[in-house]
Amino acid sequence: MSQDKNIKQTEIYDELKDSYLSYSLSVIIGRALPDVRDGLKPVHRRLLYGMKDLSLEHNKSYKKSARVVGDVMGKFHPHGDSALYEALVRMAQDFSLRYPLVDGQGNFGSIDGDSAAAMRYTEVKLTKLSSQILEDLEKDTVDFIENYDGSSKEPKVLPSKIPNLLLNGASGIAVGMSTNIPPHNCKELISTIVEQIKNPKITIDEIIKIMPGPDFPTGGIIHGSKEIIRQAYETGKGIIKLRGVASVEPETDRIVITEIPYQVNKSKLIEKIASLVREEKIRGISDIRDESNRDGIRVVIDPKRGEDPNVILNNIFSLTSLSTSFGIILLAIDDGKPKLLGIKEINQCFINHRFEIITKRFLFELKKSEERLHLLDGFKIALDNLDKTIKIIRKSKEPNDAKLSLIKELKISEIQSLAILDLRLQRLTGMEQSKILDERDALIKRIKDIKKILSSAKEINKIMIGELEEISEQYGDTRKSKIDDRDLSSISIEDLISEEDMVVTLTHEGFIKRTPLDLYRSQRRGGVGKKGATSKNDDFAETVFVASTHDYVVFFTNKGNCFWRKVYELPEASLIARGRGLSNVLNLSNDETVKAFVSIRTFDQDKFLIMTTKNGIIKKSKLEDYSRPRTNGIIAINLKGDDELISVQTSSGKDEILISTRMAQAVRFNEEKVRSVGRNSMGVKGITLKPKDSVVSSEVIKNDNVKILTVTENGFGKRTDISKYRLTSRGGKGVTTLKVTEKTGEIVNAFQTENEDQIILLSSAGKATRLKASDISLIGRATQGVKLMKVDDETKVVAVAKIAEKENE
């Protein structure tokens with residue numbers, strides 16, 4: 001098979017690798033990454049240069065954006081017009097650039113994500129700041145290269161008096177790498193550069209003292225330790241946390257958002273909040289309005305009555321882009337290659353660039369000055385020999401003859417002779433001659449000064465500092481983004497949960513739920529009760545207690561194991577719902593059920609747990625021993641035979657204990673008679689039981705003024721002063737606590753109350769009654785009590801709990 005001699009065979013793997021490498025380098029250097037010197041990508045550099053080419057300085061008239069885009073696309077940037085226009089628009093947006101480089105007239109989009117008007121409608125010109133980027137361009141300060149078709153030239157880099165890379169930042173995705181440089185405050189940034197010029201050994205810590213962090217055009221708050229910013233500034237990589245600025249109006253409890261994080265779309269932020277409210281992931285918001293105008297951002301959120309606005313705000317921070325992160329990647333093109341740089345290195349690159357620009361500028365001025373001086377020297381020679389010069393010119397037949405004669409007779413150069421021939425006769429007057437000589441003297445002095453500057457790096461640095469300080473004075477402003485050293489990771493989930501009292505209910509078949517206490521209304525003694533839980537398949541509410549959403553609930557099972565959860569982690573459900581199975585909340589084994597709860601705020605090392613079993617065994621252990629439960633639970637107490645845990649309470653170690661039984665026996669003794677033991681221990685006898693009797697409650701008594709409320713399964717109950725229960729030894733048979741009859745039924749629960757307490761009774765039918773403790777008769781120990789809740793023959797009272805007055809406020 002014949003082959004074309006011009007076709008070279010190669011492995012496709014090698015060809016793809018080489019071609020892709022060429023492509024990737026083209027994208028990296030030619031499109032995606034900014035130059036460390038002027039902080040611009042090629043598209044932005046070409047736009048600014050093209051606008052200067054069109055004489056669109058800040059003090060000139062606007063021109064249509066379409067004219068700029070078309071001109072730049074035709075001369076320098078052979079890509080799509082939409083990409084060019086997007087780059088032009090971004091340079092005009094004060095919410096995208098900290099210091100805009102383009103002055104736009106018309107609709108250039110908004111922070112809500114609205115698109116700019118079509119380029120045929122909008123008009124642009126350079127801002128005053130842009131002139132500092134383009135200044136000295138005509139003084140041979142930078143190299144020019146041919147454009148894509150060789151028809152004209154464009155600058156490789158701009159002279160840029162301003163440190164634009166860090167001033168306005170940059171972002172871009174190349175092939176296998178990306179950059180994300182945050183903007184900074186002009187005054188702070190220039191101060192760091194000035195200090196680095198004066199002290200090249202300046203440290204990152206010293207830089208951070210001057211410039212504590214980025215400064216975003218939309219303001220906001222930068223959270224986190226200084227070490228995070230320090231790491232990013234030193235290594236070129238890091239992640240900072242950004243938050244919008246929001247406050248709660250004290251008079252109305254309204255949440256007002258006035259600043260949002262950089263690059264966050266305000267409209268989408270509001271839509272996200274509204275969506276979370278609809279999905280009930282954020283609760284307590286009645287309305288949200290966008291009241292933003294030309295004066296700034298103002299998003300108003302109205303909480304529902306009684307809701308904590310700070311909790312709502314914390315949820316908004318947690319679930320929306322009002323709190324976000326900014327990944328710093330200080331990647332830029334340095335010496336034609338992509339490099340990850342630290343702040344100090346970027347500053348030094350800019351300093352080196354400015355040093356070179358200033359040097360070239362003075363070299364250009366020196367060249368022009370010497371050229372001018374050369375002409376003035378020729379003029380001086382001609383003026384010193386004025387009559388001879390005029391005679392030579394008058395004698396010459398042709399201009400060329402005059403030129404050659406002047407060169408020969410006056411010993412001057414061709415350039416000087418041509419300049420003399422071009423000299424107007426009026427310059428030969430005495431006054432004009434004086435001006436020429438004065439100009440020559442001034443030029444000689446200027447050349448001497450320029451050479452002095454060029455011979456001294458110190459002088460060039462001094463000029464550089466002066467120019468930077470002038471820019472800082474002219475364009476510097478106050479910082480927009482605040483720095484907060486607090487670490488956002490320290491905010492716990494509890495900060496997102498409103499603290500409120502919940503009624504925690506456990507059914508006989510092991511369903512648990514929490515319901516806001518406010519849903520239960522107070523009723524008079526003897527009422528039928530409000531529907532509190534749905535009875536399904538003979539299931540009924542068996543245990544109930546009240547706790548704050550921020551409390552721990554420690555669960556104790558029939559097997560003597562212990563688990564704990566925060567109340568807010570429990571499933572919330574309505575009054576009529578059963579809740580969720582405990583097996584879905586705790587990691588219980590198949591035949592394991594929860595038998596007791598303890599609600600606590602913290603695992604205090606000075607407190608104890610008092611556990612009592614159905615068979616009258618009591619155990620005392622330190623509370624802190626139970627603060628580190630495992631997924632499968634930890635052992636709380638060792639049990640024998642059919643014994644099971646029925647009561648767990650906290651104590652100080654010096655309290656009293658009252659144990660009550662189903663058959664109405666009660667024993668009261670000092671807690672100190674029970675020795676504290678480890679978690680794996682079994683405990684000691686607390687009460688001697690009669691046959692078929694069992695313990696229903698165990699109370700830790702902390703003062704002598706409490707009253708003991710005893711309630712029976714048929715709805716009878718009474719209060720009795722604790723003093724009526726005499727102190728005995730641990731393990732005794734006890735005294736009668738209520739006169740039990742067929743009418744009253746056996747004891748369901750017995751616990752201490754005070755007058756301000758409120759009581760909840762739940763029946764096996766799922767109904768609840770709430771009444772004040774002070775409405776319940778205070779009578780003797782061995783009486784049957786009064787009717788507290790109406791129940792029929794098939795219904796029993798199954799659970800009783802108290803609610804302290806502070807829980808109702």
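The values are calculated or read from the model by the stated rules, or taken from the named source; none is laboratory data. Given the structure is predicted, the values throughout are model-derived calculations rather than measurements. In this analysis, Cβ positions are derived from the backbone assuming ideal geometry, glycine residues included, and neighbour counts consider all displayed protein chains.
When the residues of the range 754-779 are filtered to those that are modelled with pLDDT of 90 or more and within 26 Å of Ile687 (Cα to Cα), the one that is farthest from the chain's Cα centre (by Cα) is Ile779. Of the residues in the range 504-525, not one is among the aliphatic types (A, V, I, L, M), in the same structural domain as Ser647 (by TED's automatic domain parsing), modelled with pLDDT under 75 and not in a strand (DSSP E or B).
Counting only strands (runs of 3 or more DSSP E) wholly contained in the range 548-649, the ones carrying 2 or more residues that are more than 16 Å from Met502 (Cα to Cα) and of a type in the set (Lys, Arg) occupy 617-622.
Just one residue in the set Pro250, Pro261, Pro212, Pro200 is over 30 Å from Gly113 (Cβ atoms), in contact with a strand residue (DSSP E or B) (Cβ under 6 Å, 6 or more places away or on another chain) and not aliphatic (A, V, I, L, M); that residue is Pro212.
Tell me which residues, restricted to the range 718-737, are part of a strand (DSSP E or B) and touching a Ser or Thr at 6+ places or on another chain (Cβ under 6 Å).
Within the range 718-737, just Lys718 meets the criteria.
On the basis of being free of Cβ contacts under 8 Å to residues at least 40 places away in the same chain, surrounded by 16 or more Cβ atoms within 10 Å (Cβ to Cβ) and of a type in the set (A, V, I, L, M), does Leu443 make the cut? The answer is no for Leu443.
Residue-by-condition table, conditions (1) part of a loop (DSSP other than H, G, I, E, B); (2) hydroxyl-bearing (Ser, Thr, Tyr); (3) over 60 Å from the mean Cα position of the chain (by Cα):
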site: Phe362; (1), (2), (3): no, no, no
site: Leu375; (1), (2), (3): no, no, yes
site: Lys391; (1), (2), (3): no, no, yes
site: Leu406; (1), (2), (3): no, no, yes
site: Glu409; (1), (2), (3): no, no, yes
site: Ser417; (1), (2), (3): no, yes, yes
site: Arg427; (1), (2), (3): no, no, yes
site: Asp438; (1), (2), (3): no, no, yes
site: Arg446; (1), (2), (3): no, no, no
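Condition check ((1) within 19 Å of Tyr552 (Cα to Cα); (2) of a type in the set (Phe, Trp, Tyr); (3) at pLDDT below 85) across all residues:
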residue	(1), (2), (3)
Ala577	no, no, yes
Asn587	yes, no, yes
Val598	yes, no, yes
Arg601	yes, no, yes
Gly633	yes, no, yes
Asn638	no, no, no
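Please verify whether Val194 is in contact with a Leu (Cβ under 9 Å, 6 or more places away or on another chain), outside any helix (DSSP H, G or I) and of a type outside the set (D, E, K, R), treating the condition exactly as stated. No: the conditions fail for Val194. Of all the listed residues (Ala382, Ala332), the sole one being buried (at least 19 other Cβ atoms within 10 Å of the Cβ), modelled with pLDDT under 90 and not assigned by TED's automatic domain parsing to the domain that holds Ile257 is Ala382.
Mind checking whether some residue in the range 645-656 is in the same structural domain as Ala782 (by TED's automatic domain parsing), modelled with pLDDT under 90 and on the phi > 0 side of the Ramachandran plot? Yes; the residues of the range 645-656 include at least one that is in the same structural domain as Ala782 (by TED's automatic domain parsing), modelled with pLDDT under 90 and on the phi > 0 side of the Ramachandran plot.
Right, Lys622: at pLDDT 85 or above, surrounded by fewer than 21 Cβ atoms within 10 Å (Cβ to Cβ), assigned by TED's automatic domain parsing to the domain that holds Lys702 and over 17 Å from Asp551 (Cα atoms) or not? Taking the combined requirement at face value, the residue satisfies it.
Quick test for you: out of Ile687, Ile708, Ile657, pick the one residue that is hydrophobic (A, V, I, L, M, F, W, C), in contact with a helix residue (DSSP H, G or I) (Cβ under 7 Å, 6 or more places away or on another chain) and either within 19 Å of Ile759 (Cα to Cα) or assigned to a loop (DSSP other than H, G, I, E, B) (or both). Just one listed residue meets the conditions, Ile708. Only residues that are surrounded by fewer than 19 Cβ atoms within 10 Å (Cβ to Cβ) and in a loop (DSSP other than H, G, I, E, B) were counted in the range 293-311, giving 8. Does the range 312-329 hold any residues that are in a strand (DSSP E or B), of a type in the set (Gly, Ala, Ser) and surrounded by fewer than 21 Cβ atoms within 10 Å (Cβ to Cβ), and which are they? Residues satisfying the conditions are Ser325, Gly327. When Val800, Val791, Val740 are screened for being of a type in the set (A, V, I, L, M) and in a strand (DSSP E or B), only Val800 passes.
Considering only the range 411-434, state which residues are in contact with a helix residue (DSSP H, G or I) (Cβ under 8 Å, 6 or more places away or on another chain), of a type in the set (A, V, I, L, M) and modelled with pLDDT under 90.
Selection gives Ala419, Ile420, Leu421, Leu423, Leu428.
Of all residues in the range 352-369, those that are closer than 26 Å to Ser417 by Cβ and surrounded by 15 or more Cβ atoms within 10 Å (Cβ to Cβ) total 4.
Output the residue which, of all residues in the range 711-764 that are charged (D, E, K, R) and touching a helix residue (DSSP H, G or I) at 6+ places or on another chain (Cβ under 6 Å), is nearest to Ser697 (Cα to Cα).
Filtering first and then ranking leaves Arg730.
Checked against the criteria, Lys198 does not count as out of contact with any Pro (no Cβ under 7 Å at 6 or more places or on another chain) and closer than 20 Å to Leu48 by Cβ. Find the residue count for the range 101-131, including only residues that are surrounded by 20 or more Cβ atoms within 10 Å (Cβ to Cβ) and assigned to a helix (DSSP H, G or I). The qualifying residues number 2.
For Leu425, indicate whether it is surrounded by fewer than 16 Cβ atoms within 10 Å (Cβ to Cβ) and closer than 13 Å to Leu383 by Cα. Yes, satisfied.
Just one of the listed residues (Ile222, Ile202, Ile240) is in contact (Cβ under 8 Å) with a residue 24 or more places away in the chain and part of a loop (DSSP other than H, G, I, E, B), and it is Ile202.
Report yes if some residue within the range 182-196 is under 23 Å from Asn461 (Cβ atoms), among the β-branched types (Val, Ile, Thr) and surrounded by fewer than 21 Cβ atoms within 10 Å (Cβ to Cβ); otherwise report no. Looking through the range 182-196, at least one residue is under 23 Å from Asn461 (Cβ atoms), among the β-branched types (Val, Ile, Thr) and surrounded by fewer than 21 Cβ atoms within 10 Å (Cβ to Cβ).
Inspection of the range 72-89 identifies at least one residue that is among the charged types (D, E, K, R) and surrounded by fewer than 19 Cβ atoms within 10 Å (Cβ to Cβ). With respect to Gly50, determine if the residue is crowded, with 23+ Cβ neighbours inside 10 Å and either more than 24 Å from Pro183 (Cβ to Cβ) or without any contact (Cβ under 8 Å) to a residue 40 or more places away in the chain (or both). In short, yes. Kindly evaluate Leu366 against the criterion of being touching a helix residue (DSSP H, G or I) at 6+ places or on another chain (Cβ under 9 Å) and under 30 Å from Val194 (Cα atoms). Answer is yes for this residue. The single condition from (1) surrounded by 13 or more Cβ atoms within 10 Å (Cβ to Cβ); (2) modelled with pLDDT of 65 or more that Leu16 fails is (1).
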